[in-house]
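Before any comments, here is the structure.
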Amino acid sequence: MGAPDTVKRLVERFHTQVEDYKRGAYNETQVRRDFIDPFFQALGWDINNKAGYSERYREVIHEDSLRVKEKVSAPDYCFRIGSERKFFVEAGWGG
């Protein structure tokens, strides 16, 4: 099974425009909206809670609060099944 067509198009667009992204004022929010959100949507994740689940059952929590030892962190994405956290994604863009 290959990658979904949407993912292939995202990769192609990124590769053809990467130099523009590096030169300009392209920031993390733009990366999230242009690439990361569509990538996970293509994989079937409800990034924007279109299903209308309550906060407790959303598939994706943005800027979820996470305590690691004595430090509180807020990863950009927390992916859950039911109310159980499965993995986190921290977006970053160094241009």
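Every read-out reported here was derived from the displayed coordinates using simple, explicitly stated rules and does not represent laboratory data. Quick caveat: nothing in here was measured; it's all calculated off a predicted structure. Every residue, glycine as well, gets a Cβ built from its backbone with ideal geometry; the counts of neighbours run over all protein chains shown.
Assorted remarks:
- With 0.36 nm allotted per residue and the present C-alpha distance subtracted, the GLU63-ALA25 stretch has 11.4 nm of extension available.
- As a calculated quantity, the FRET efficiency between ARG9 and ARG33 at R0 = 22 Å, using C-beta atoms, amounts to about 0.90.
- In nm, spacing of pseudo-spin labels at VAL18 and GLN41 (7 Å Cα→C-beta vector): 2.4 nm
- Between ASN48 and LYS71, the modelled label-to-label distance comes to 3.4 nm, taking each label 7 Å out from Cα in the direction of the beta carbon.
- Shape box of segment 5-89 [Cα atoms, principal axes, largest first, Å]: 39, 32, 17
- The listed peptides 63-75, 28-40, ordered by packing as a protection proxy, come out as 28-40, 63-75 (highest mean of other Cβ atoms within 10 Å first).
- Separation in nanometres of the label points that stand 7 Å from Cα toward Cβ, at VAL89 and GLU55: 2.3 nm
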